[in-house]
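**Student:** I am attaching a structure below and will ask some questions about it afterwards.
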Amino acid sequence: MVLTGKRIVLGVSGGIAAYKAVEICRRLVDAGAHVVPVMTAGAEHFLGRTTLSALASEPVQTDLWNATEPIPHTRLGQSADLILVAPATARVISAYATGLSTDLLTNTLLATRAPVMVCPAMHTEMWEHPAVVDNITTLRRRGVHVVDPEQGRLAGGDVGAGRLAAPDRIVQAVERLFTPRDLDGTRVVVTAGGTREPIDAVRVIANRSSGKQGIAIARAAAARGARVTLVTTVGAPGLHDIEVVEVETAAQMQEAMQACAPAADVIVMAAAVADFRPKVVADRKLKKADGAPDIVLEPTPDILAGLGDAKPAGQILVGFAAETDDLLDNAARKLAAKKLDLIVANDVGAPGVGFQHDTNAVTLLQPGAEPRSVGLRRKDDIADAVIDTVVGLRSATTSSPGPTSAIDPEPTP
Ligand code: CTP
């Protein structure tokens, strides 16, 4: 996990959105960060210290004049990997832009050389006031990361721009700050989920794919700078910066892929595409009283094999192999038959692996290379391992910088 061991000072200033800092704190801690919370006096009007102290890695600090530590702001500022201010009020933004230090948070902001990310939250009139606009421009010019507020409901029932960005957007922005941008400028297309092939107006033939692995790969590629299109049969929250194309059937997925594949630098087919579909689809609901229907199936197009046949020079094509038997033999056969650069094989019969789980274990096969196993871990981490390999493949063809090796693959037993 990219935030493991990262020391993040979470500055909370006094706005109604202070309650969302609790969720941001919890998510950062879950992602492996060491969170040190600092609250302003204003924040304490909206949020009790106890809640944040209970969820953070250390108790909340509020005071510049601390009996046990005479200069807490320099220690906080010097030891941080990131200062995140969420929510950031107009007052804190103004103080930081003009170099004013009045409390522990504003002192810490001046006493750090770590990156700083501010997440403004205020009423629309304040957010659009020329003073605030100028201060934000100043901060951006100095390299401060700003997570823009969103449109939405504000305190007092008003609606407009100025609402604190959603916690998942803020945490994603933090993760991206610590993620290598080794796919900058690359166009990546990922498929996710199981296709659903209609039988009649209400029934479908489906499979157990949840789409989690494909979505994790799309997110990992976007975090590393790629322009990502996700062709998917399932939705997911927080797919910011990712173009999502929703499809249901193999035919729709094939059409979507034919449209975006030619311009792609990397294609990852993580979707579980149905191999067969009903030959005739009833446009009304079939009635039970008419007896069990005879459903005649026909093959669907093999989308990946088609992409392999039409692959432009330099494009990297990645497939998945979901197997219950003869994992490596079957995967190696698919790797060659579909003209792939990489196949991600998983034994979907093993505990905790493949469909619907949050974890996976895979073997990565490339033409002419030894298979490499990545043992059971979160699908996000498997996604990083797949993207590391893709980056390695790209650097071999474009002689750009090598893979980041977020995970060292284990030798195949
Ligand atoms: N695939 C595809 N179109 C299909 C079937 C599969 O593009 N009609 C892709 C999948 O997205 C995956 C790869 O081909 O990346 C292998 O899919 P898998 O289901 O493991 O293998 P199949 O080729 O369908 O063979 P089998 O079902 O016999 O294992």
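**Student:** Looking only at segment 315-344, filter to residues that are outside any strand (DSSP E or B) and acidic (Asp, Glu); which one of those is farthest from ARG372 (Cα to Cα)? Spell out how you get there, then give the answer.
**Tutor:** Restricting attention to segment 315-344, the residues satisfying the condition of being outside any strand (DSSP E or B) are 315, 324-341.
Now drop any that are not acidic (Asp, Glu), which leaves 325-326, 329, 341.
Working: ASP325: 18, ASP326: 16, ASP329: 14, ASP341: 14 Å.
Among those that are outside any strand (DSSP E or B) and acidic (Asp, Glu), it is ASP325.
**Student:** Taking segment 250-284 only, how many residues are more than 25 Å from the chain's Cα centre (by Cα) and outside any helix (DSSP H, G or I)?
**Tutor:** The total comes to 11.
**Student:** So, in segment 102-130, how many residues would count as being free of Cβ contacts under 8 Å to residues at least 12 places away in the same chain and either hydroxyl-bearing (Ser, Thr, Tyr) or touching a Phe, Trp or Tyr at 6+ places or on another chain (Cβ under 6 Å) (or both)?
**Tutor:** Adding up the residues that qualify gives 1.
**Student:** Is there a residue in segment 66-76 that is more than 27 Å from the chain's Cα centre (by Cα), in contact (Cβ under 8 Å) with a residue 40 or more places away in the chain and either in a strand (DSSP E or B) or not assigned by TED's automatic domain parsing to the domain that holds SER101 (or both)? Show your work before the answer.
**Tutor:** Taking segment 66-76 and keeping what is more than 27 Å from the chain's Cα centre (by Cα), we get 66-76.
Filter once more, keeping what is in contact (Cβ under 8 Å) with a residue 40 or more places away in the chain: 76.
So of that shortlist, the ones also either in a strand (DSSP E or B) or not assigned by TED's automatic domain parsing to the domain that holds SER101 (or both) come out as none.
The answer is no, given that none of the residues of segment 66-76 is more than 27 Å from the chain's Cα centre (by Cα), in contact (Cβ under 8 Å) with a residue 40 or more places away in the chain and either in a strand (DSSP E or B) or not assigned by TED's automatic domain parsing to the domain that holds SER101 (or both).
**Student:** Could you please find all residues in segment 271-297 being within 20 Å of GLU248 (Cα to Cα) and of a type outside the set (A, V, I, L, M, F, W, C)?
**Tutor:** Correct list: ASP275, ARG277, PRO278, LYS279, ASP283, ARG284, LYS285.
**Student:** What's the total number of residues in segment 260-294 that are crowded, with 16+ Cβ neighbours inside 10 Å and of a type in the set (Lys, Arg)?
**Tutor:** Counting residues in segment 260-294 that are crowded, with 16+ Cβ neighbours inside 10 Å and of a type in the set (Lys, Arg) gives 1.
**Student:** Another question about this same structure. Taking interchain pairs and intrachain pairs at least six residues apart, which have beta carbon atoms under 8 angstrom, with the first residue in segment 258-287 and touching a residue at least 12 places away in the same chain (Cβ under 8 Å) and the second part of a loop (DSSP other than H, G, I, E, B) and aromatic (Phe, Trp, Tyr)?
**Tutor:** Close Cβ pairs (under 8 Å, with a partner that is part of a loop (DSSP other than H, G, I, E, B) and aromatic (Phe, Trp, Tyr)) amount to ALA272/PHE355.
**Student:** A further question on this structure: For segment 38-65, name all the residues that are in a strand (DSSP E or B) and touching a Ser or Thr at 6+ places or on another chain (Cβ under 7 Å). Don't jump to the end; show me each part of the working.
**Tutor:** Looking only at segment 38-65, we keep the residues that are in a strand (DSSP E or B), and these are 38-39, 61.
Passing the criteria: VAL38, MET39.
**Student:** One residue is enough: does segment 357-379 have a residue meeting the conditions among the small types (Gly, Ala, Ser) and within 12 Å of the ligand (Cβ to nearest atom)? Don't jump to the end; show me each part of the working.
**Tutor:** Filtering segment 357-379 for residues among the small types (Gly, Ala, Ser) gives 361, 368-369, 373, 375.
Pick out the ones that are also within 12 Å of the ligand (Cβ to nearest atom) and you get none.
The answer is no; no qualifying residue exists.
**Student:** Okay, next question. Tell me which residues, restricted to segment 78-116, are aliphatic (A, V, I, L, M), part of a strand (DSSP E or B) and surrounded by 23 or more Cβ atoms within 10 Å (Cβ to Cβ).
**Tutor:** Narrowing segment 78-116 to residues aliphatic (A, V, I, L, M): 80, 82-86, 88, 90, 92-93, 95, 97, 100, 104-105, 109-111, 114, 116.
If we keep only those that are part of a strand (DSSP E or B) as well, we get 82-86, 88, 116.
Once the filter is applied, which keeps residues that are aliphatic (A, V, I, L, M), part of a strand (DSSP E or B) and surrounded by 23 or more Cβ atoms within 10 Å (Cβ to Cβ), segment 78-116 yields ILE83, LEU84, VAL85, ALA86, ALA88, VAL116.
**Student:** Could you check how many residues of segment 319-354 are acidic (Asp, Glu) and within 9 Å of the ligand (Cβ to nearest atom)?
**Tutor:** First, pick out the residues of segment 319-354 that are acidic (Asp, Glu): 323, 325-326, 329, 341, 347.
Restricting the remaining residues to those that are within 9 Å of the ligand (Cβ to nearest atom) gives 323.
Qualifying residue count for the region: 1.
**Student:** Within segment 293-311, does at least one residue satisfy the condition of being more than 30 Å from PRO198 (Cβ to Cβ), in contact with a Ser or Thr (Cβ under 7 Å, 6 or more places away or on another chain) and more than 11 Å from the ligand (Cβ to nearest atom)?
**Tutor:** no
**Student:** Here's a follow-up. What number of residues within segment 166-189 are crowded, with 21+ Cβ neighbours inside 10 Å and more than 16 Å from the chain's Cα centre (by Cα)?
**Tutor:** So the answer is 1.
The values are calculated or read from the model by the stated rules, or taken from the named source; none is laboratory data. Everything numeric in this text was worked out from a predicted model, so none of it was measured. No Cβ is skipped: glycine too gets one built from the backbone with ideal geometry, and neighbour counts run over all protein chains shown.
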